[in-house]
Each structure stands twice: as structure tokens, then as C-alpha cells.
Amino acid sequence: MKRFDSKALYQALDEQRRNRNLTWDQVANEIGVSKATISRTKGGGRMEVDGMLAMVAWLGIPVERFVVDKNGAVD
């Protein structure tokens, strides 16, 4: 079974945010989602597909990078 690793997405967002010296408000504005949407990824919470795709697009990383099997291995 495959799943989306939202915690890994948060880590990638945070790394990009720090590399660009941005606040979470700035990141949310650039992506076009709320800060709360980003915060839900930190704890592995469920996300709406549109928000998730917007975050992945902002990173410029293929969405498949965040797809893992049930044991946590990256697909």
C-alpha cells in the first residue's frame, strides 16, 4: 500500500524556507495556501489534494518523491 508522506513534505518546505530566509507567512503567500494548511503537514495530517500539489509545485520536486510504501520506503 502506498501513502503520501506529509511529514517529509513539511521537512522539504522548511528546508526551502530556511534556504530562502522566508517566514512561514511568506511561504504560505507564495504557495497560495494558508499557514494552517502547511502546519497540518508537520504532524502528518491529512491534506487536500490541491494544497498538497501547490506545495510540491512550489518546491519544484516531483510528487512521487513524497510517495512511500506502508513501511516508509520512498517509492
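The values are calculated or read from the model by the stated rules, or taken from the named source; none is laboratory data. Bear in mind that the values here come from a model prediction, so they are computed numbers and not experimental data. Cβ atoms come from the backbone with ideal geometry, glycine included; neighbour counts cover every protein chain shown.
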Report task. Output the number of residues of the range 28-53 satisfying the condition of being among the hydrophobic types (A, V, I, L, M, F, W, C), touching a Ser or Thr at 6+ places or on another chain (Cβ under 9 Å) and at pLDDT 90 or above. Result -> 3
**Report entry** In the range 1-59, the residues that are among the aromatic types (Phe, Trp, Tyr) and closer than 19 Å to residue 69 by Cα
**Finding:** 4, 10
**Report entry** Yes/no for residue 3 being among the basic types (Lys, Arg), surrounded by fewer than 16 Cβ atoms within 10 Å (Cβ to Cβ) and at pLDDT below 95
**Finding:** yes
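Listed here are the residues, each with its yes/no results for (1) closer than 13 Å to residue 10 by Cβ; (2) touching a residue at least 24 places away in the same chain (Cβ under 8 Å); (3) of a type in the set (Asp, Glu); (4) in a loop (DSSP other than H, G, I, E, B).
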| position | (1), (2), (3), (4) |
| --- | --- |
| 21 | no, no, no, yes |
| 26 | no, no, no, no |
| 30 | no, yes, yes, no |
| 39 | yes, no, no, no |
| 44 | yes, yes, no, yes |
| 53 | no, no, no, no |
| 56 | yes, yes, no, no |
| 68 | no, yes, no, no |
Report summary line: Those residues of the range 28-51 which are surrounded by 13 or more Cβ atoms within 10 Å (Cβ to Cβ) and β-branched (Val, Ile, Thr) amount to 31, 33, 37, 38, 41
Query raised in the report: Can you tell which of 25, 14 is at pLDDT 90 or above and exposed (fewer than 13 other Cβ atoms within 10 Å of the Cβ)?
Result: 25
